[in-house]
Amino acid sequence: MSMFTHVMVGTNDPDKARAFYDAVFGALGIPGMQAPNGALWYGNPEAREAMFAVVAPRDEQPACHANGGTIGFKAQSAAQVDAWYAAGMANGGSDEGPPGPRDWGIPLYVAYLRDPDGNKLCALFMTGEPGEAS
Amino acid sequence: MFTHVFLGSNDIEKSRKFYDATMAVLGFHNVVPPEAGRLVYAGPHGTFIVAPPYNGEAATVSNGHTLGFSAADDATVDAWHAAGLAAGGVDEGGPGPRSAAPNNARGAYLRDPDGNKVCAFNMGH
């Protein structure tokens, strides 16, 4: 069981958010859908795995990003991290740290983006895991 | 889908009290020593980190952001909410069925001491 059921972020422009998240999740091979209330959900609801959602805030106040908040997405290869970053940059995201190796005690390959609303994201591949591109 | 989720803190000791209590209910424990100045709750399928922002500025709350934690059963949802209220959290929606969730899942909502919105759900309905 994943530690997380879901992570939700706010948007002030659902069309921009959809273009961005369709692209970055497409690079990770994760499908998306739009709920009747307009929320965008990404993931496989049948798999009982964690999901990601993008919504206009329910309190009808503007969405804003946190300082100190980051959401890390799992990539299956370094090439997928590169594709995720490129897809985001081409669809309204902004650079927060280009793809490259990091060593946080374990070797990693990571890229950082901000979504169109400023939410900080990263894609992370744990180098050496099964599925590593050779 | 997620490797980790990071939330900002302006008072790590208040955060420690809240998250040590609520994460223990879910079966997770902080794996770094107190002098690290941050909290790292590591599981086999995800890591949750609470820390002061790296840029040295105050942590701020996102409007629109919610972080959902998995609870193994309904009693764990209730215990998570009670533990959080007793450890500096603020009620954002008490335990009960959530009609918007798949299968009317039971969930509960809290704000952590910094105002971050968190919830626990039993999705196994």
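Run the helix sum for the protein assembly as shown: -39,500 (n - 2.57) per DSSP H stretch of 4+ residues, divided by residue count, reported at 222 nm to the nearest 500 deg cm²/dmol.
Computed mean residue ellipticity for the protein assembly as shown: -6500 deg cm²/dmol.
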Cα radius of gyration and Dmax for chain A (Å)
14.7, 48
Using the Karplus curve 6.51 cos²θ - 1.76 cosθ + 1.60 with θ = phi - 60°, work out ³J(HN,Hα) for each residue of the range B:98-111 in order, rounded to whole Hz, and write x for Gly and Pro.
10, 5, 7, 8, x, 6, 6, 4, 7, x, 8, 10, 9, 9
Averaging the inverse of every distinct alpha carbon separation and then flipping it gives the Kirkwood radius. What is it for the range B:25-119, in angstrom units?
14.7 Å
Which loop chymotrypsin sites (Phe, Trp or Tyr not before Pro) in the range B:42-124, with loop taken from DSSP, have no more than 12 other Cβ atoms within 10 angstrom of their Cβ?
B:Tyr54
Degrees separating the helix A:78-89 axis from the principal Cα axis of chain A, which is the longest one
30 degrees
Can you give the charge dipole size of chain A about its Cα centre, rounded to the nearest 20 debye, using +1 on the beta carbon of Lys and Arg and -1 on the beta carbon of Asp and Glu?
100 debye
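Quick note: the coordinates plus some simple rules give every number you see, no bench work behind them. All of these numbers come straight from a predicted model, not from anything done at the bench. As a convention, Cβ positions derive from the backbone with ideal geometry for all residues, glycine included, and neighbour counts pool all protein chains shown.
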